[in-house]
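Data first, discussion second: the structure below is written as structure tokens.
The values are calculated or read from the model by the stated rules, or taken from the named source; none is laboratory data. Source: prediction; values computed, not measured. Counting neighbours? That spans all protein chains shown, and the Cβs are built from the backbone with ideal geometry, glycine included.
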């Protein structure tokens, strides 16, 4: 293990954070897995500081939790009650983002939204659909012009990631229904109709929330 300067330490922290986050969200690192600063530092050939900072950042996002006298672990999956509460918050934020996008969206942003929507209509691969769904959300958040909203929304999406993509994999009807709503949402944003944009954005979240909670009820 070698010492690192401030710039190198920041790069190492970001690298560890991105890799570990991707492994947690994909399920490669399972809930309840113990995380060690020393192990991460050795794996990446850096000091403990960037490893500690990466773990702390993940804890702020709810993906990692510290248990007194035991250590740090990948956070357990949310309970059905927690999922419902997360989706209630997600619905409110999605609606606000769409309303702001209708007010502040630029022609380039609206063109991107139509491009993503058209790509989703042609996508067959499930992973591609998931990536495009994430791009759609990021595009609307960016057009909202509210950075705090975008950061908060991304944190919620990270915590719900495994559930959202499970619905897209398991329910083709949901995907096509949501695609139709997205067409109307893009048109509402382009028409500067904030009321309609907010309602349609909320409707998409309500539909995925309904499917996720139904799936959880069957297995919980």
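Can you go through 111, 121, 94 and tell me which one is in a helix (DSSP H, G or I) and buried (at least 20 other Cβ atoms within 10 Å of the Cβ)?
Exactly one of 111, 121, 94 is in a helix (DSSP H, G or I) and buried (at least 20 other Cβ atoms within 10 Å of the Cβ), namely 94.
Just the residues that are at pLDDT below 95 and closer than 14 Å to residue 204 by Cβ, please, taken from the stretch 130-147.
Step one: list which residues in the stretch 130-147 are at pLDDT below 95, which gives 130-134.
Within the stretch 130-147, 132, 133, 134 meet the criteria.
Out of the residues in the stretch 148-171 meeting the condition of being at pLDDT below 90 and more than 13 Å from residue 90 (Cβ to Cβ), tell me which one is surrounded by the fewest Cβ atoms within 10 Å (Cβ to Cβ).
Selected residue: 170.
I'd like the full set of residues that are under 20 Å from residue 140 (Cα atoms), surrounded by 14 or more Cβ atoms within 10 Å (Cβ to Cβ) and modelled with pLDDT under 85, limited to the stretch 172-220.
Correct list: 175 only.
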